[in-house]
């Protein structure tokens, strides 16, 4: 028994003395506000105060906390600055998904206790041990520095920067993520994964184990899942052949202690290692799957223009990128429970309706017998679009009749989850003497790993985007998704476009120099404008704000260029890059449905099936629905994403929720308004109010005898691409341009970022606070792609070998919002989630080239690669 | 579900006896930054845990009358940083220890644990080597001492014999005109493992180096004492010729690997760059300029 002064109360904890304090708090004391992101002291999510000093609770054995004061996020409000800190985080948008927020708040609490008015450097030093993958840290710094909520928030009309409507539980520890709300009597499921990239295996008698060993033979329905309806190539439990390190071959299910006590060597599995295919399409390689004999999963192509106009300058190059991990701070977690012939699956996800379809097929039961109830999602970025724990816990709960839960360890999450595709790109571009682009040719192999996942999506999206948002008369592009024994590459913020943008923008820099044009003006000269036709043959009539973005950057460009150091060991550089990004699925149906109800008692409910993974859709869609209805956001009650309670809003991906679900929410609001006005016999401009359960139309109470409903659906108009990539792949596009200013240490090859200025055409910023949060968070991930992130199977399976940017790695970011209204979008809005990330890495590489003359051919631009490039220049 | 014995003895003698009695099935616990992680990953399954944080000798910092320092093996980086004198005398050693992990980890991690982990990239070790720290080790056969550079014998391996416990560090008395510094190269701003680390300790008189020691980390299977680099610095005024010669000696001492963090070529070059930069900082400190 260990005695703690826990949040001010004397508490006895009955757990073994070596128990991690994080586990004791969560499992014994029920304080799940303390999050576990890595169990290794790398992420800081479990930061608590021990006698007022911040510690990673995962590194403190319970015995060493004996007799000491432990303060967790649940006790924060009672600390001197706690409530003010929570309010500041809320009003500045410092919490997005919320999984790192408790750790951030506790670290800030220690700082503020000693230093009530810290400067930025002190904030960065104090919070440097907590990793955040959503915010880019800038809003967090601002919240700690100002510690005030400034003016009261606006009412929440479209265009108002209101704090997130689902924000408060993220600040007091009450938010429930995938690992936080399983029943106490749930069995534990522990996946058994291949330690080999390629191996045959056989599983022998497991009856000696203290837990049940589920294998492929236990799957009641289809032992396969995958994103595409016709590609279910990844088994829940592999059948005799493991195709990547991390492939799941079985799972232990039983009481937690028994499951955890099983050692690797106790498992009755024999492995026969096979040579792995790690390089794309080695000649004569055996097929990973019989269905794709040449290991080429998909090839996407685009042909535009019959002949290239005469060129004066040509540039070409090859670029390679590595695997990039999503590194959401919440590892995959959830649980399932059987209710008769129905299964309920709870946990973190970006795609509940796709999860439902997969679970139903794996169990061999009708769709209506599966209910997916998403928990809060501690970051996704594309990595929680594929199922992970869902089919496994569903099968286990189905077979045992007991609730079954699972929580991936960080190492397991890294090894098993999808990644950003590594790309190997060759591209050639040309322009005329005046700098007008004449041609662009692009071929790339994207390593899609062992299973299809989103590989076809990437191979389809890249050829359409790879020339960037520019007028290019002649384009030939091709991207192949190639199967290997590497981890499955899937969806990751940008679907292959961030990799392609590196090649495209680096070539523009070369051509600009060749023509003697300023690099920014070269882009202005060639930028797409309203009225242009894209290389897929799509006529862009509206909402092409790229030139406005570049013009907004121009004064910053000249200032930053003039300030940079051009002599000495630290050499300054400024880079620029642009991007465009098609919102929603590529030439495929992409519908969303939203629903509003008004009950006779005046209860107004927004039924919203779009999963908010931290980006803010719950707030933005409510603002849109309320505006269309004509009532304030505060009047809405929320029923959020639950496949039994909400309509299918599609997945949270492809930057589509604001645009597609937003348009559905707008339609739902308009439909309910129409119902109301019809009953009130009022004109379209009637003023609605709702108070004390009474709806008034132009101040006249409207009595209802039945619940009114407004449902809205939207599916953006697209035309599938033909064999030459011609069609209308997307209804609308986001555009952006970013500047990066940095210094390179010429002796060490290290990069110090000084400033990023980002101009984004979002059509209309429904909530500028949340839009800026997306931009800053996307930039942080772009910094990681450019400078440090590279997943190597078996070698970077923790967060101290796999590096993501810390609070010290993200410089000052200035965001400029351009609003070139999109008539199809809700109140003119488009998407922002992925556009934020795409231009950052090329802008950084452009700046390195500006500083040193060296062109990086491989990202991440680790210091040794930078030095090699400088030497080779 | 645990059958682990958890002991927190109040004296070193008791710890040594319990450690020996466990016959290899015990693990020493100080801050827990290695042990709890290894247990969580299933890498170790100790039968007994011996918590040394209640042993005064292993958790204390004392400055002797002659100016030498004792730093117990289990002293955390945060506690060392709060000591009123240590950072003034050994700023390089302190900055090296304070580079280990985040603020949260600083409250837990110790120089003793950093050394016993046996990593060639351990940040505190090159600084301790440059400082000329001497270790005290206790075991079933009594106590012994050794220079810190003799302790690591390979990645993850140390010269501790069975049943022995690292008790602490003795940093020698500091002559007037002394200064030290530690620099490391990492791609990220913080919380990262050194690609190369260099510690330099100098004593100077009238602008001339009278004594020097250089420790080099992450450039060979163990942290190295680079005597050749120190030799060319002694007697010099840290002019370019001496610094270039010392840098060359540092590069010559490198026996690095190519890995995900850096290449052989890169590490060899960076060792030279960091030697020069660390020597400049140490010289400034030695001459009271910083």
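Just so you know, all these numbers are worked out from the coordinates, no wet-lab data involved. Keep in mind the model is a prediction, meaning the values are calculated, not measured. Positions of Cβ are backbone-derived with ideal geometry, glycine not excepted, and every protein chain shown enters the neighbour counts.
When the Cα convex hull of chain B is projected onto planes of every orientation, the mean area is 15.1 nm². Packing around the peptides B:175-184, A:707-716, A:556-565, A:657-666, taken as the average count of other Cβ atoms within 10 Å per residue, puts them in this order, highest first: A:657-666, B:175-184, A:707-716, A:556-565. Pairwise alpha-carbon distances in region A:1-173 exceed 22 Å for 40% of all pairs.
Here each label is just a point 7 Å from Cα along the line to Cβ, and for residue A:605 and residue A:752 those points are 5.7 nm apart.
DSSP bridge analysis restricted to region A:728-873 gives an antiparallel fraction near 60%, rounded to the nearest 5. Based on C-alpha pairs under 8 angstrom that are at least 6 apart in sequence, chain A has a relative contact order of 14 percent.
You can think of it this way: the chain between residue A:634 and residue A:145 has 173.1 nm of extra reach, that is 0.36 nm per residue less the Cα-Cα gap.
Considering only alpha-carbon pairs that sit under 8 angstrom and 6 or more positions apart, the relative contact order computed for chain B is 16 percent. Looking at chain A, the DSSP beta bridges with both ends there are about 75 percent antiparallel. Based on the alpha-carbon gyration tensor of region B:146-273 and its eigenvalue square roots a ≥ b ≥ c, which shape applies: rounded if a/c is under 1.5, prolate if not and a/b is larger than b/c, or oblate? Oblate, since a/c reaches 1.5 and b/c is not below a/b.
Measure nothing fancy, just the Cα-based angle from helix B:12-21's long axis to the longest principal axis of chain B, in degrees from 0 to 90, nearest 10. Its long axis makes an angle of about 60 degrees.
The mean count of C-beta atoms from other chains within 10 Å of the C-beta of residues in A:256-264, rounded to a whole number, is 2. Give the calculated FRET efficiency between residue A:692 and residue B:88 to the nearest 0.05, with a Förster radius of 56 Å applied to their Cβ-Cβ distance. In this case the efficiency is close to 0.25. Label positions at residue A:434 and residue B:248, each projected 7 Å from the Cα along the C-beta direction, are separated by 5.9 nm. In whole angstrom, chain A maps to an equivalent ellipsoid with semi-axes of 39, 34, 30, each derived as √(5λ) from the alpha carbon gyration tensor and ordered largest first. So what is the 222 nm mean residue ellipticity for the protein assembly as shown from helices alone, if each DSSP H run of at least 4 adds -39500 (n - 2.57) and you divide by all residues, rounding to the nearest 500 deg cm²/dmol? Estimated from H runs of four or more residues: -8000 deg cm²/dmol. Angle, helix B:240-253 long axis vs. longest principal axis of chain B, Cα atoms, 0 to 90°, nearest 10? Taking Cα atoms only, the helix is inclined about 40 degrees.
Note on residue A:318 and residue B:208: with the Förster distance fixed at 45 Å, the Cβ-Cβ geometry gives a FRET efficiency of about 0.25. Applying 0.36 nm per residue to the separation of residue A:542 and residue A:569 and subtracting their alpha-carbon distance, the gain on full extension is 5.0 nm. Expressed to the nearest 5 percent, the antiparallel share of DSSP beta bridges inside region B:2-112 is 35 percent.
Between residue A:369 and residue B:41, the distance separating the two model label sites (each 7 Å from Cα on the Cα→Cβ line) works out to 4.3 nm.
Principal axis extents of the C-alpha atoms in region A:287-405 (largest first, rounded to whole Å): 72, 35, 26. Helix B:264-286 versus the longest principal axis of chain B: what angle, 0 to 90°, nearest 10, using Cα atoms? Taking Cα atoms only, the helix is inclined about 80 degrees. On the basis of the beta-carbon distance and an R0 of 45 Å, residue A:559 and residue A:426 show a calculated FRET efficiency of 0.80.
The overall shape of region B:41-164 is rounded: from the C-alpha gyration tensor, with semi-axes ordered a ≥ b ≥ c, the ratio a/c is less than 1.5. Compute the Cα gyration tensor for region A:376-427, then decide on rounded, prolate or oblate, letting a ≥ b ≥ c be the square roots of its eigenvalues: rounded whenever a/c is under 1.5, prolate when a/b is larger than b/c in the other cases, and oblate in all that remain. Prolate shape, in that a/c is at least 1.5 and a/b is the bigger ratio.
For region A:592-714, the relative contact order is 37 percent, taking Cα pairs closer than 8 Å that sit 6 or more residues apart in sequence and dividing their mean separation by the residue count.
Stretched out straight at 0.36 nm per residue, the stretch from residue A:551 to residue A:1 would grow longer than its current Cα-Cα span by 191.4 nm. For a quick check, take a GNM of chain B with Cα springs below 10 Å and name the residue from B:21, B:220, B:272 with the largest mean-square fluctuation. Its mean-square fluctuation being the largest, the pick is B:21.
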